[in-house]
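Shown next, in structure tokens, is the structure this report addresses.
The values are calculated or read from the model by the stated rules, or taken from the named source; none is laboratory data. These numbers come from a predicted model, not from an experiment. Please note: Cβ atoms are built from the backbone with ideal geometry, for glycine as well, and neighbour counts cover all protein chains shown.
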Amino acid sequence: MMNNVILDCAGKPLDLTRPQVMGILNVTPDSFSDGGQFVAPDAALKQAQKMVADGAAIIDVGGESTRPGAAMVSVDEEIARVVPVIEAIQAEIAIPISIDTSKPEVMRAAVNAGAGMINDVQALRVKGALQAAVELDVPVCLMHSQGTPDTMQDKPQYDAVVAEVSQFLMDRVAVCEQAGISRDKLIVDPGFGFGKRANHNLRLMKHLGDLVKQGLPVLIGVSRKSMIGKLLNVPMDERLAASLALSALAIWQGAKIIRSHDVGATVQAIMMTNHVMKVNDVG
Ligand code: 8Y7
């Protein structure tokens, strides 16, 4: 099992010999507005530098809201949002940037601008995405989702959610390998909240170790997600403690990367978890 590795993200290292945090940098006009309809790259750079200082290992730049029920964004619009931000931050920070997109054109533009990983919530199922990933030759995070963002929370259904999600991901890994993407460039993610009811999410977390056993690095995203809101009845800005609890549980079961809005707190939570996991039992 080649799981303890340092991934080469277009020249920048991602050290997976210990748990890491992926900081979320949403570059939609409502997050980093220049006052109009565009994103201000300098504001995004400041945010990225703060995440680096807080201990992030990689920054995930996304220009399309992939939240359940989100509206579609055109290819041109998405490129116009993410490319200036990637260009502004890639030379200034030492850690890799991942591009959160499912569109092959955006993957190409982002990697050309300096992104070193593809984070695809559709696991390269969009037409042309697999070929783009093969050609771009950067690591890819393959995420499970049932349905598309606009409809996926309508009526998620599984016979055995843990086994089905794991099987889907291993099938996508096989497809990627057949297309020419080396297995050691792949990361897998069960996709919390993407076409899952609360109990599906809870079962996936309880049994995350089953996915870890498949041998690929596991990334998870639970930060501020609606599953927390539903179970605990807390608004978006009061979900940090629960997000950290879930992050610790994921690391405890062998997950390697936590995608989070709250980098500093998440780094502390997973480093503490890692100390417990690594402590010598003798002496
Ligand atoms: C995830 C993600 C989102 C996740 C990975 C949100 C882009 C929704 N969630 N990517 N993206 N895993 N790999 O609430 O769970 O952040 S968007």
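The stretch 88-144 holds strands (runs of 3 or more DSSP E) entirely within its bounds, and those carrying 1 or more residues that are within 17 Å of ASN26 (Cα to Cα) and of a type in the set (D, E, K, R) map to 97-100, 117-120. Run down ILE118, ILE99, ILE79, ILE58 and say which single residue is over 21 Å from SER182 (Cβ atoms) and either β-branched (Val, Ile, Thr) or within 14 Å of the ligand (Cβ to nearest atom) (or both). Result: ILE79 is the single residue among ILE118, ILE99, ILE79, ILE58 that is over 21 Å from SER182 (Cβ atoms) and either β-branched (Val, Ile, Thr) or within 14 Å of the ligand (Cβ to nearest atom) (or both). Please work out which one of (1) buried (at least 22 other Cβ atoms within 10 Å of the Cβ); (2) touching a strand residue (DSSP E or B) at 6+ places or on another chain (Cβ under 9 Å); (3) not aliphatic (A, V, I, L, M) is the condition LYS185 fails and give its number. Condition not satisfied by LYS185: (1).
Kindly list, by first and then second residue, each pair from a residue in the stretch 152-170 that is more than 20 Å from LEU186 (Cα to Cα) to a residue that is among the charged types (D, E, K, R) and assigned to a helix (DSSP H, G or I), limited to pairs with Cβ atoms under 6 Å and residues at least 6 apart or on different chains. Going by the 6 Å Cβ cut-off, the qualifying pairs are TYR158/GLU164; VAL161/ARG203. Taking the stretch 38-63 as the range and being over 22 Å from ILE79 (Cβ atoms) and touching a strand residue (DSSP E or B) at 6+ places or on another chain (Cβ under 6 Å) as the test, the residues that pass are MET51, ALA56, ALA57. In this entry, GLY221 is excluded by the filter for residues that are more than 14 Å from the ligand (Cβ to nearest atom) and small (Gly, Ala, Ser). Listed conditions (1) touching a Ser or Thr at 6+ places or on another chain (Cβ under 7 Å); (2) modelled with pLDDT under 95 are all met by VAL21, apart from (2). If we scan the stretch 146-167, do we find a residue that is touching a Cys at 6+ places or on another chain (Cβ under 9 Å) and surrounded by 17 or more Cβ atoms within 10 Å (Cβ to Cβ)? Scanning the stretch 146-167 turns up no residue that is touching a Cys at 6+ places or on another chain (Cβ under 9 Å) and surrounded by 17 or more Cβ atoms within 10 Å (Cβ to Cβ).
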